[in-house]
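Remarks on the structure that follows.
The values are calculated or read from the model by the stated rules, or taken from the named source; none is laboratory data. From a predicted model like this one, the values you see are computed outputs, not experimental measurements. Here Cβ is always computed from backbone atoms with ideal geometry, including for glycine, and neighbour counts include all displayed protein chains. Just the protein is used for accessible areas: all its heavy atoms, side chains included, with ligands, DNA and RNA removed. Shrake-Rupley method; radii C 1.70, N 1.55, O 1.52, S 1.80 Å.
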Number of protein chains: 2
Amino acid sequence: MVAGPLPVPSGPGKDRLRLWIRLLRASRTIEAELRERLKKEFDTTLPRFDVMAALYRAPEGMLMSDLSRFLLVSNGNVTGIVDRLVSEGLVARARRNGDRRTSMVRLTDEGSKSFATIAAAHEGWIGELLGKVSEDDARRLTGMLTSFRSNWEGRE
Amino acid sequence: MVAGPLPVPSGPGKDRLRLWIRLLRASRTIEAELRERLKKEFDTTLPRFDVMAALYRAPEGMLMSDLSRFLLVSNGNVTGIVDRLVSEGLVARARRNGDRRTSMVRLTDEGSKSFATIAAAHEGWIGELLGKVSEDDARRLTGMLTSFRSNWEGRE
DNA sequence: GCAATATATTTCAAGCTTAAAGTTTTATGT
DNA sequence: ACATAAAACTTTAAGCTTGAAATATATTGC
């Protein structure tokens, strides 16, 4: 839910609802800007970038299910994105001896080089887009969100 | 970009990158949970809910372009969602005398009743999902995100 | 060994999303 | 009036996303 300018009525629990709305609006705003820049400057997309970022940090490769879990998206979704990256020569699937159901997905050399370039620009963009958040606030916010995450992950 | 558990290397500007990653992971986690519950409990979707939430607060109706701007999504996107809501009888397009390019989009009575029910559940879910965030932290976080937003909106 | 079960992945249908191109209507300049 | 531009919206193509069904391989119980 992306309710906007108009205020959420006050009442018990409304502070959390308001927080959620702000959180979602902030991330959507930044996400939209990143998506646009990735398209314009590198002719790629955020999901492709996400997959490549995950693989960049796993030189040994990842299983499809690892990617899916890590990126918080469904299995079938990853299949399509990886398919397209493979057809573009940025990613490769390597058959495994042990288990013929699975394959290790890795960046190709080209993919790795490509990602390094894009990631550098990406980091600059984030610095720019979040430039008004002081380093101090950034650390404090990060801390709150981290504790939220660990609380969450202890769920169910 | 939804980088996860592994830490972002330290360096200048890395605090903001880390913040962005946490922000995105938090919102995606909550969003996924909301989407699933909306589907399971009310057989609807987050985009439909977003549109209805916007219309609920505008009894006089909204133009398509208002919806698009407000929800931070593209024009064409809104067209499709509203089309489906109309075909479900939850929303109506009212021709306007003044300008034949536009129409006012409103909730029908059924749509309004339906939204009220779902919104109540939604607010409860948010309270639950963000339950571990203290009201105090919630207000502080909201404040930071709000100032981020106003900074952002002064851009370009 | 072999049936039953579990795991890993892909396929599928439906819907969401965007950017770009197209349509219709309104506003503007002369 | 009338051509031109602007505005509001829809359509389209491509890609993303999910949940569910299908496929293929591995593991487990007997």
By the Cα gyration tensor axes a ≥ b ≥ c (a/c under 1.5 gives rounded; else a/b larger than b/c gives prolate, otherwise oblate), the shape of chain A is prolate
Here the convex hull volume per residue of the protein assembly as shown, taken over Cα atoms and given in Å³, is 165 Å³
Chains A and B: accessible area buried, summed over both chains, 1.4 Å probe, nearest 100 Å², reads 6500 Å²
The correct pairing of chain A residue and whole-Å distance, for the Cβ nearest the axis that maps A onto B, is A:Ser27, 2
Shortest first and in nm, the label-point separations between A:Ser74 and its counterparts in the other identical copies (7 Å out along Cα→Cβ) come to 2.1
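Quick check for you: with a 1.4 Å probe and neighbouring chains kept, what is the accessible area per residue of chain A, in Å²? Intermediate values should be presented prior to the final figure.
Details: 7950 Å² over 156 residues.
Here the residues of chain A average 51 Å² of exposed surface.
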Each residue of A:45-53 has, on average, a number of other protein chain C-beta atoms within 10 Å of its C-beta equal to 2
Sorting from shortest, the nanometre distances separating the label point of B:Ser112 (7 Å past Cα along the line to Cβ) from those of the same residue in the other copies are 6.2
Excluding ligands, DNA and RNA, the carbon-plus-sulfur percentage of the accessible area of chain B with a 1.4 Å probe reads 51 percent
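Averaged over peptide B:115-127, how many Cβ atoms belonging to another chain are found within 10 Å of each residue's Cβ?
So the per-residue partner count for this stretch is 3.
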The correct pair for the range A:46-125, radius of gyration to one decimal and Dmax as a whole number, both in Å and from Cα atoms, is 12.2, 42
With one decimal in nm and the nearest listed first, the spacings from B:Phe42 to its own position in the other copies, using label points 7 Å along Cα-to-Cβ, are 3.7
For B:Lys132, counting only lysines whose alpha-carbon sits under 23 Å away and dropping same-chain residues fewer than eight positions off, the answer is A:Lys14
